Amino acid sequence: MTELEQYINSYFGIVQSEELLQISSLFKLTTLKKGDFLLQTGKKSDQLCFVQSGLLRMFVQTKDKEVTQWISTKGYFSTDLSSFIFETPSRWNIHALVDSEVYVLTKREYEKIGEIVPKWNELEKLFIVKCFTMLEDRVFSHLSMSAEERYQRFFENNKDLFNQVPLQYIASMLGMSAETFSRIRKKQLS
């Protein structure tokens, strides 16, 4: 079983091996160079991608700052889900922070999965629930944890990112200013 197939199983639940092969064949491996955009604000997202290697940053430019929503690492899917599902203009930019390899599934190919997997509606619902649960966890941490607690939790789970990503992106993703992030980081390192 390929790594992509393993992740499809982990995100969508157990799929028959023949169905799994058919689904994974719908994904096309694509290389993104550092700085390449997978999606830009205002354009419709017509693809769902799976990060094989590299880092993708999802962000938006507001009037006075950039806000990082998420950094996708190996083993994560990335898209503007609302734009992908509802075919609306994207709120987010997604670009490669480093040279990256991603498996891309177009909206048209995504719609074929229902023909391949009879219980797709049930599996898709589980996937969306997982996405929603991750979002709920992030909202809860922003509402219930101090900046220091959010920093510590994120650091414990993502140590490698601190050496791979500009720290202002992590600060933004954690909902804090670069100054607050720097102060907390300095305190944690001492």
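Within the stretch 7-25, the set of residues being loosely packed, with under 13 Cβ neighbours inside 10 Å and not in a loop (DSSP other than H, G, I, E, B) comprises SER10, SER17, GLU18, SER25. There is no residue in the stretch 105-118 that is surrounded by 14 or more Cβ atoms within 10 Å (Cβ to Cβ), part of a helix (DSSP H, G or I) and free of Cβ contacts under 8 Å to residues at least 24 places away in the same chain. When we screen SER83, SER53 for residues that are closer than 26 Å to VAL15 by Cβ, at pLDDT 95 or above and crowded, with 16+ Cβ neighbours inside 10 Å, the only hit is SER83.
Yes/no per residue for (1) among the hydrophobic types (A, V, I, L, M, F, W, C); (2) more than 20 Å from the chain's Cα centre (by Cα):
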site: ILE116; (1), (2): yes, yes
site: PHE162; (1), (2): yes, no
site: TYR169; (1), (2): no, no
site: MET173; (1), (2): yes, no
site: GLU179; (1), (2): no, yes
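Is it fair to say LEU123 is of a type in the set (A, V, I, L, M), touching a residue at least 24 places away in the same chain (Cβ under 8 Å) and touching a Phe, Trp or Tyr at 6+ places or on another chain (Cβ under 8 Å)? Yes: the conditions hold for LEU123. Total residues in the stretch 26-40 satisfying the condition of being exposed (fewer than 14 other Cβ atoms within 10 Å of the Cβ), over 16 Å from the mean Cα position of the chain (by Cα) and not polar (S, T, N, Q): the figure is 5. Residues in the stretch 98-145 that are of a type in the set (Lys, Arg) and closer than 28 Å to GLN22 by Cα: LYS107, ARG108, LYS112, LYS119, LYS125, LYS130. From the list LEU97, LEU55, LEU81, LEU38, the lone residue that is aliphatic (A, V, I, L, M), in contact (Cβ under 8 Å) with a residue 12 or more places away in the chain and farther than 22 Å from LEU174 by Cα is LEU38.
The values are calculated or read from the model by the stated rules, or taken from the named source; none is laboratory data. None of these values were measured; they are calculated from a predicted model. Counting neighbours? That spans all protein chains shown, and the Cβs are built from the backbone with ideal geometry, glycine included.
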